[in-house]
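What follows is a short report on a single structure.
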Amino acid sequence: DGGITQSPKYLFRKEGQNVTLSCEQNLNHDAMYWYRQDPGQGLRLIYYSQIVNDFQKGDIAEGYSVSREKKESFPLTVTSAQKNPTAFYLCASSILWTNTGELFFGEGSRLTVL
Amino acid sequence: QQQVKQSPQSLIVQKGGIPIINCAYENTAFDYFPWYQQFPGKGPALLIAIRPDVSEKKEGRFTISFNKSAKQFSLHIMDSQPGDSATYFCAAAPGNTPLVFGKGTRLSVIA
């Protein structure tokens with residue numbers, strides 16, 4: 001079945017460590033996104049990518065990095081520079097820009113910093 | 001101007017009631033207004049969407065009402081069921097840029 005796969009589902013990290021969250025899609029979508037979800041804060045955009053080897057910062061990119069080496073993959077690295085990384089992270093994709101169609105989400109990765 | 005303001009933050013209704021969730025925006029460049037539904041531990045999924053050339057759109061028990069002059073749109077859920085208990089997000093897209101989401105409304109439908 002087509003969809004978006006995020007891994008791991010749960011992740012624990014010690015302070016000062018970098019961690020990479022995986023996101024893979026088999027929908028043949030051009031655009032991919034990373035959102036962060038905190039209680040009462042909605043979904044905030046971290047990074048997005050329209051095309052391979054290109055990506056743009058969203059509203060809260062500080063302390064995060066991404067790569068887009070393949071159309072299917074858009075991993076997110078949470079670096080030690082991110083001051084409050086404990087959150088639920090959601091990856092999404094769409095055919096092109098979201099105002100032309102549906103945004104498809106993965107099931108999320110919950111990161112906890114110990 | 002990029003914000004979408006959503007209210008209420010939480011809502012409790014009896015089964016069969018009609019919960020209403022409201023959103024307001026400032027940016028007149030927004031031209032696409034979807035609603036997403038999220039169950040606990042899952043990613044959001046598109047529920048229904050509207051464009052500003054219509055004032056209402058209905059899909060099953062879900063209706064979006066859109067007021068372009070007031071820059072407001074709302075979601076109504078007719079004959080609500082316990083299975084509708086979820087978090088609902090409104091969103092808007094300002095042209096060729098990513099969706100801007102509201103902060104979400106946690107809906108509980110009690111039997």
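Annotations
- Enumeration of residues in the range A:50-65 that are outside any loop (DSSP other than H, G, I, E, B), within 13 Å of the chain's Cα centre (by Cα) and within 14 Å of chain B (Cβ to nearest Cβ): A:Phe55, A:Gln56, A:Lys57
- Meets criteria (touching a Ser or Thr at 6+ places or on another chain (Cβ under 7 Å), among the acidic types (Asp, Glu) and either surrounded by fewer than 20 Cβ atoms within 10 Å (Cβ to Cβ) or within 24 Å of B:Phe101 (Cα to Cα) (or both)) for A:Glu24: yes
- From the list B:Ile21, B:Ile77, B:Ile64, B:Ile50, the lone residue that is more than 21 Å from A:Leu103 (Cα to Cα) and aliphatic (A, V, I, L, M) is B:Ile77.
- Index of the failed condition, B:Lys58 passing every other in (1) over 19 Å from B:Val4 (Cβ atoms); (2) within 10 Å of chain A (Cβ to nearest Cβ); (3) among the basic types (Lys, Arg): (2)
- Any chance B:Gln38 is out of contact with any Lys or Arg (no Cβ under 6 Å at 6 or more places or on another chain) and at negative phi: yes
- Failed criterion for A:Arg68 (all others in (1) surrounded by fewer than 16 Cβ atoms within 10 Å (Cβ to Cβ); (2) touching a Phe, Trp or Tyr at 6+ places or on another chain (Cβ under 7 Å); (3) outside any strand (DSSP E or B) hold): (1)
- A:Ile46 under 18 Å from B:Pro98 (Cβ atoms) and either free of Cβ contacts under 8 Å to residues at least 24 places away in the same chain or part of a loop (DSSP other than H, G, I, E, B) (or both): no
- Condition check for A:Gly16: touching a residue at least 24 places away in the same chain (Cβ under 8 Å), exposed (fewer than 15 other Cβ atoms within 10 Å of the Cβ) and of a type outside the set (Lys, Arg): yes
- Qualifying positions in the range B:100-111 - within 7 Å of another protein chain (Cβ to nearest Cβ) and either among the basic types (Lys, Arg) or outside any loop (DSSP other than H, G, I, E, B) (or both): B:Phe101, B:Lys103
- Of the residues examined, A:Ser109 is one that is among the small types (Gly, Ala, Ser), farther than 30 Å from B:Pro52 by Cα, more than 9 Å from chain B (Cβ to nearest Cβ) and crowded, with 16+ Cβ neighbours inside 10 Å.
Results for (1) farther than 22 Å from A:Asn84 by Cβ; (2) modelled with pLDDT of 95 or more, shown as yes or no for each residue.
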| position | (1), (2) |
| --- | --- |
| A:Asp30 | yes, no |
| A:Arg36 | no, yes |
| A:Gly42 | no, no |
| A:Tyr47 | no, yes |
| A:Ile51 | yes, no |
| A:Phe55 | yes, yes |
| A:Gly63 | no, yes |
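- Residue check, A:Gly42 out of contact with any Cys (no Cβ under 6 Å at 6 or more places or on another chain), surrounded by 16 or more Cβ atoms within 10 Å (Cβ to Cβ), under 19 Å from B:Tyr36 (Cα atoms) and not β-branched (Val, Ile, Thr): yes
The values are calculated or read from the model by the stated rules, or taken from the named source; none is laboratory data. From a predicted model like this one, the values you see are computed outputs, not experimental measurements. Neighbour counts run over all protein chains shown; Cβ positions are idealised from the backbone, glycine included.
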